[in-house]
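First up is the structure itself, then whatever we jot down about it.
The values are calculated or read from the model by the stated rules, or taken from the named source; none is laboratory data. Only a predicted model underlies this, so the values are computations on that prediction, with no experimental measurement involved. We place every Cβ from the backbone using ideal geometry, glycine too, and count neighbours over all the protein chains shown.
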Amino acid sequence: MRIAVIRFPGSNCDQDAYHALRDGLGFESEYVWHESDSLAGFDGVFLPGGFSYGDYLRCGAIAARAPIMDSVREFAEAGKPVIGACNGFQVLCESGLLPGALVRNTEQKFICKTVPLRAENRTSPWTSGAERPLRIPIAHGEGRYVCDEETLRELRSQDRIAYRYVDATTFEPTEDSNPNGSVDQIAGILNVRGNVLGLMPHPERAYSERLGSADGLSILAGFKAFLHAHA
């Protein structure tokens, strides 16, 4: 399976994604520069974290207009798997592939720690492997997911909330377990077709117990699940 890891100026989690996909799951991962205009031959796309274009204007705003994003849109519209983590989630929202926006954390501080996540949707390949709560790192200053009431109703009714932040003991959403103030404890969402996942936590930083957790493999294995489903 061949996965494109998109590189923007300012990406700093592209190598994490490359090695997680290759070493953690045995996929063939390959960097694709933001000025490219083709994703021919790839089976999936990973939009990594970082500070694309220095986070000028808004996080992900300039990256969403990079030449490669036209191909990413076509890729997603064809029903192929796309995942965006952290800055990648911001890019997906800015590009219109996912609804809502990511804004400054409630406490106006950069947060870097491992948090527990619970899969809410259990039918998407991105979530079906998460049979228990996952331990995944976060590292962001603008990770508070926001959307209007109509969008939130749609996300709930269409079962498109992929992951929520939960308490480490009860595994239930609580005010104290919400690290950034995201609406409805949302850590990740899906598009209508379920092939595009955006989430603030970094599954690529949790692909081996040597890193503190291998739980990220449950999410990244969604690439393989998509391939099998459409074989």
task: For the stretch 13-25, indicate whether the set of residues that are within 18 Å of the chain's Cα centre (by Cα), modelled with pLDDT of 95 or more and in a loop (DSSP other than H, G, I, E, B) is non-empty.
output: yes
query: Which fully enclosed strands (runs of 3 or more DSSP E) of the stretch 91-183 have 3 or more residues being at negative phi and more than 15 Å from the chain's Cα centre (by Cα)?
result: 111-119
- line: When the stretch 20-36 is checked residue by residue, the ones that are within 21 Å of residue 73 (Cβ to Cβ) and exposed (fewer than 12 other Cβ atoms within 10 Å of the Cβ) are 35
- request: Look at residue 46 and say whether it is under 17 Å from residue 195 (Cβ atoms) and part of a strand (DSSP E or B).
  value: yes
statement: Within the stretch 77-90, residues surrounded by fewer than 21 Cβ atoms within 10 Å (Cβ to Cβ), among the hydrophobic types (A, V, I, L, M, F, W, C) and assigned to a helix (DSSP H, G or I) come out as none
field: Identity of the residue in the stretch 153-186, among the aliphatic types (A, V, I, L, M) and surrounded by fewer than 19 Cβ atoms within 10 Å (Cβ to Cβ), that ends up farthest from residue 90 (Cα to Cα)
entry: 168
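Take residue 154 and decide whether it is among the acidic types (Asp, Glu) and modelled with pLDDT under 95.
Taking the combined requirement at face value, the residue does not satisfy it.
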So residue 65, is it within 18 Å of residue 205 (Cα to Cα) and among the basic types (Lys, Arg): no
query: Do we find a residue being in contact with a helix residue (DSSP H, G or I) (Cβ under 9 Å, 6 or more places away or on another chain), of a type outside the set (D, E, K, R) and within 13 Å of residue 199 (Cα to Cα) anywhere in the stretch 164-176?
result: yes
message: Just to verify a result, which residue in the stretch 109-127, among those that are surrounded by fewer than 15 Cβ atoms within 10 Å (Cβ to Cβ) and in contact (Cβ under 8 Å) with a residue 24 or more places away in the chain, is farthest from residue 5 (Cα to Cα)?
response: 109
